[in-house]
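Down below is the structure, laid out as structure tokens.
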Amino acid sequence: MIKKYSILPKAPYFHYSKNEEISIGLNQEYFPSKLKIKKCIQALEGLLDLSDGEIALYNQQVDKDKDLEEKEYTKKTPLKKEVGYIYLYESGEYYKIGRAKYPSIRRKKYITENPNPINVLLEVKVQDYKKQETELLNLFKDKKHRGEWFCLDTKDINKIRTLLTKNKTNE
């Protein structure tokens, strides 16, 4: 039943605030055509027919699929030991753990895409940054909200800060 809703464009994303307000952002630098917006509205209206249970099951399957894709990608792609940055960004109640060769470019992308302000908590240059990001994502997988966005507390943030400071490089 839910598969028919795969016509939703991949560009829009929805952000839900603590007081249940919804804002829509775009994962691209341009707006979709009016036709795509109309299709998106039709698909969203169709979602109103789904029960909360159906939606929850679908979301669980999406998370499983993403985890499986990530594991397969990691198996197929040997990670080179390169110098790069691990970052921790805060946006509202969520935290983004990620990696980048050039964090300023990545930061600008998130600022553009995100309806909430982005606060830079950490951007640390480390050796073998791909491996270190994978380790952090695995360490906090039980606190995952969606994608690489997490629900972290002060203790978690301090743990990340300690781990990255220990692995910091000056290269």
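Read-outs throughout are calculated quantities, based only on the coordinates presented, and are distinct from any laboratory measurement. Because the structure is a prediction, the values reported are computed rather than measured. Here Cβ is always computed from backbone atoms with ideal geometry, including for glycine, and neighbour counts include all displayed protein chains.
A few points about this structure:
- Cross-link pairs beyond the 18 Å C-alpha cut-off, checked among Lys81/Lys159; Lys109/Lys155; Lys66/Lys141: Lys81/Lys159; Lys109/Lys155
- Prolate/oblate/rounded call for segment 57-165, Cα gyration tensor, a/c under 1.5 rounded: rounded
- Look at Asp63, Asp156 and count the other Cβ atoms within 10 Å of each Cβ; fewest to most, that gives Asp63, Asp156.
- Stretched out straight at 0.36 nm per residue, the stretch from Leu57 to Ile37 would grow longer than its current Cα-Cα span by 4.6 nm.
- Couplings 3J(HN,Hα) of segment 161-169, computed from phi: 4, 5, 4, 6, 4, 5, 9, 4, 10 Hz, in residue order, whole Hz [Karplus 6.51 cos²θ - 1.76 cosθ + 1.60, θ = phi - 60°; x for Gly and Pro].
- Integer Hz, Karplus 6.51/-1.76/1.60 couplings in order for segment 39-45, x for Gly and Pro: 5, 4, 4, 4, 5, 5, 4
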